[in-house]
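Participant: The structure that follows is given in the form of structure tokens.
Bear in mind these aren't lab numbers, they're just calculated from the coordinates by the rules spelled out. Model, not experiment: these values are computed from the prediction. Note that we place each Cβ from the backbone using ideal geometry, even for glycine, and neighbour counts take in every protein chain shown.
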Amino acid sequence: MTVYRGTFVDTPLSPFKGHHLRADQDAAVLVRDGVIAARGPADDLLRDHPADEVVDLTGGLVLPGFVDTHVHFPQVRAIGGLGMPLLDWLERCALPEEARLADTTYAAGVAADFLDGLARAGTTTALVFGSHFAGAVDALFEEATRVGLRITSGLVLSDRILRADLFTDPDRAYAEGAELAKRWHGAGNPAGRTRYAVTPRFSLSCTDPLLESAGALLRDVPDAWFTSHINENPEEIRGVRDLFGCDYATTYDKHDLLGPRSVLAHDVHPTRGELRLMSQRGVAVAHCPTSNAALGSGLFSLGAHLAYGVRVALGSDVGAGTGFSLFKEGLQAYFCQQLQGRDGHRLTAGHLLHLATAAGADALGLADVIGDFEVGKEYDALWLRPEPGTTLDVALRHADSPDDALAKAFALATPADVRQTWVAGSPIRQQTSRGGDPDDR
Ligand code: GUN
Ligand code: ZN
């Protein structure tokens, strides 16, 4: 057993209070076989477990591992294409790079960069938009199994409008998806860390027969996930209505793709009817604030989603999003609500932590397993420990409450400040040492 000692901050669910911010200074958690067996004041736990290994994480904050509910594996090398709206950005930045993943050796290199980027940012669990190429999806799952992150992903599907070298057809999509699901759904080491997600790119690039085959695969793979995009950009939304003659959510719903294991990214411009439908189906929405700002997609109406009872969590949306850090996404989510004045939903630092951790765990059906430091959950964590003398270090040392410290973390933290991440009590090894030359990789 291992005792981790430090300042633990999380957002557990408690009866009558909903999720609330909890911060325990000079506390400890006892981890047995990757699961939190006890927690309490450090002095008490150390006295009761004198023979166990102690990992000293004092200084900085220990937070639950971040959960990224929308991030594109093939786009890690395409981050930073500024100045374009969605459809131009896809054509000029994202898709040329995605086409390179036809080469599985190239894809394996991208998978390594991608998972390393997640781990360095403190992300331990992600719903990942995969590749259009089955070999590249295998490469992602193989690397995820090696590294130990919790990854749900799948083959991306398209059969119109986008570049033709990314197209599939309904039969091939079903067959390749079924093979991948057989290999990776409920697999990993230990079993269950990797799961399969049926992943049409978006309705704009999918015909009804392709979406129908996606619905068939979702039905045939028990407990598979579904993910796609929705209502991101006005031109895209007009295109979908012209093609299907119905609203965006219905294009998925008519093929039985919407349910409690469905996560739709963006939803910047929903109608009330769509919010009602998503709420009825139990769909979760991945809010991707840096991407929405970078592509000029619009301001997310968090209050409307919550009013309709639609679950919301955070997504980095790399590579339209500007990096892997959910600290940055949380801060941008806060900015986005502030900029909406009276229409915005006021967010505290505790809300931001909740969106980046417990809300993500819930959206991905893992609320009983991860998301906070309750006894019985698996120990997925990040240690935020800035270098001495950095502005974040100074700010944390002068914080006057845990809430204040957390607000300073969301304002200032970057992946460079994440000293270590754990999944189920196992440290996730980073590829290069801090400060190492990335060209050495
Ligand atoms: N819609 C369809 N594909 C994409 C993508 O790769 N990124 C974003 N942001 N939206 C999309
Ligand atoms: Zn996306």
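Participant: For region 10-45 and region 341-377, compute the distance between their C-alpha centroids and round to whole Å.
Facilitator: Each part's Cα centre sits 15 Å from the other's.
Participant: While we're on this one: Using R₀ = 45 Å, calculate the FRET efficiency as 1/(1 + (r/R₀)^6) where r is the Cβ-Cβ separation of Ala399 and Asp171; round to 0.05.
Facilitator: Once rounded, the FRET efficiency stands at 0.20.
Participant: Can I ask one more? Sort 50-57, 168-175 for me by packing, meaning the mean count of neighbouring Cβ atoms within 10 Å per residue, highest on top.
Facilitator: 168-175, 50-57
Participant: Taking 0.36 nm per residue of separation and subtracting the Cα-Cα distance, what length does fully extending Ala367 through Arg77 add?
Facilitator: 101.2 nm
Participant: Return, ordered by residue number, the residues of region 375-399 whose backbone nitrogen is under 19 Å from a label point located 7 Å along Cα→Cβ of Asp26.
Facilitator: So the set is 397-399.
Participant: Moving on. Once label points are set 7 Å from the Cα along Cα→Cβ at both Asp208 and Thr391, what is their separation, rounded to one decimal in nm?
Facilitator: Spacing of the two 7 Å Cα→Cβ label points: 5.5 nm.
Participant: Please list 3J(HN,Hα) in residue order for region 186-196, calculated via the Karplus relation 6.51 cos²θ - 1.76 cosθ + 1.60 where θ = phi - 60°; whole Hz, with x for glycine and proline.
Facilitator: Couplings: x, 9, x, 9, x, 4, x, 6, 10, 9, 9 Hz.
Participant: Additional query: What ranking, highest mean first, results for peptides 119-126, 300-307 when packing means the other Cβ atoms within 10 Å averaged over each residue?
Facilitator: The densest-packed peptide leads the list: 119-126, 300-307.
Participant: Now a separate question. If we sort 154-162, 232-240 on the protection proxy, mean other Cβ atoms within 10 Å, highest first, what's the order?
Facilitator: With the highest mean Cβ count within 10 Å placed first, the list reads 154-162, 232-240.
Participant: I would also like to ask the following. Give me the extension gain from Gln340 to Ser279: residue separation times 0.36 nm, minus the current Cα-Cα distance, reported in nm with one decimal.
Facilitator: 19.6 nm
Participant: On a straight-distance basis, which lysines could pair with Lys182 in a cross-link, Cα separation under 28 angstrom, same-chain partners fewer than 8 positions away excluded?
Facilitator: Output for Lys182: Lys254, Lys377.
Participant: Now for a different question. Using Cα pairs closer than 8 Å and at least 6 residues apart in sequence, work out the relative contact order for the chain, in percent.
Facilitator: Computed value for the chain: 19 percent relative contact order.
Participant: Let me ask you something else. Take the chain, connect every pair of alpha-carbon atoms lying under 10 Å apart with a spring to form a Gaussian network, then pick out the residue of Cys93, Cys246, Cys336 with the largest mean-square fluctuation.
Facilitator: Among Cys93, Cys246, Cys336, the largest mean-square fluctuation in the Gaussian network model of the chain belongs to Cys246.
Participant: Continuing with the same structure: Grab the Cα-Cα distance for Thr271 and Val375, subtract it from 0.36 nm times how many residues apart they are, and report the gain in nm with one decimal.
Facilitator: So the extension gain works out to 33.4 nm.
Participant: Sticking with this one: Bin width 10 Å, alpha-carbon pairs only: give the P(r) of region 66-141 as whole percents, running from 0 to the bin holding the largest distance.
Facilitator: Distribution as computed: 20, 50, 29, 1 percent.
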